[in-house]
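Okay, so here's the structure we're looking at.
The values are calculated or read from the model by the stated rules, or taken from the named source; none is laboratory data. In this text, all values refer to a predicted model and were calculated from it rather than measured experimentally. Ideal geometry is used to build each Cβ from the backbone, glycine not excepted, and the neighbour counts take in all protein chains shown.
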Amino acid sequence: MAYKDDEGYYYIVDRKKDMIISGGEKIYPAEVEKIIYQYPKVAKVAVIGVPDNRWGEVGHGVICPKKGESMTEKEILDFLEGKLARFKIPKSFSFMEELPQSPSAKILKRILKESIVSPEPAAGGGSR
């Protein structure tokens, strides 16, 4: 996905397959991730679309905190308030030690989405 400015320059915004459509609004994960990366405790982040009964799809953020850091969902939501339109702020978050990556270090969002939307049952019958 790209756009052209008034001077004729093109800017790449995101991949079409990663775009989230929530209640008819388009959300570009790269835009949301760029803001989340500004939070000093974040090492890596990926924003994916997950099914939602009301909006069709909503954003879900998956964050890897920097070594020795921890954070809460409330902490990151407080940080995002006022930095993004409310509909662009992910509705939920997961925290992981590492994200699945390709050999070229690209975050594999398809694998993340599969694990978030239909997670494997936890060993011992626990929940996530």
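A few comments on the model shown:
- In this entry, V62 passes the filter for residues that are buried (at least 16 other Cβ atoms within 10 Å of the Cβ) and closer than 15 Å to E33 by Cβ.
- Within the range 79-114, the set of residues being assigned to a helix (DSSP H, G or I), touching a residue at least 12 places away in the same chain (Cβ under 8 Å) and not charged (D, E, K, R) comprises F79, L80, F87, L112.
- Entry remark, the range 107-128: residues being at pLDDT 55 or above and either surrounded by 10 or more Cβ atoms within 10 Å (Cβ to Cβ) or of a type in the set (A, V, I, L, M, F, W, C) (or both) number 12 in total.
- Whenever a residue of the range 25-43 is small (G, A, S), its partners that are part of a loop (DSSP other than H, G, I, E, B), lying with C-beta atoms within less than 6 angstrom and at least six residues away or across chains, give the pairs A30/D14; A43/K66.
- Each residue in the range 15-49 was checked for being within 24 Å of P65 (Cβ to Cβ) and either modelled with pLDDT under 90 or not polar (S, T, N, Q) (or both), and 24 of them qualify.
- Any hit, the range 79-98, residues being acidic (D, E) and in contact with a Phe, Trp or Tyr (Cβ under 8 Å, 6 or more places away or on another chain): no
Conditions tested, residue by residue: (1) in a strand (DSSP E or B); (2) more than 15 Å from the chain's Cα centre (by Cα).
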position: I48; (1), (2): yes, no
position: I63; (1), (2): yes, no
position: G68; (1), (2): no, yes
position: M71; (1), (2): no, yes
position: L77; (1), (2): no, no
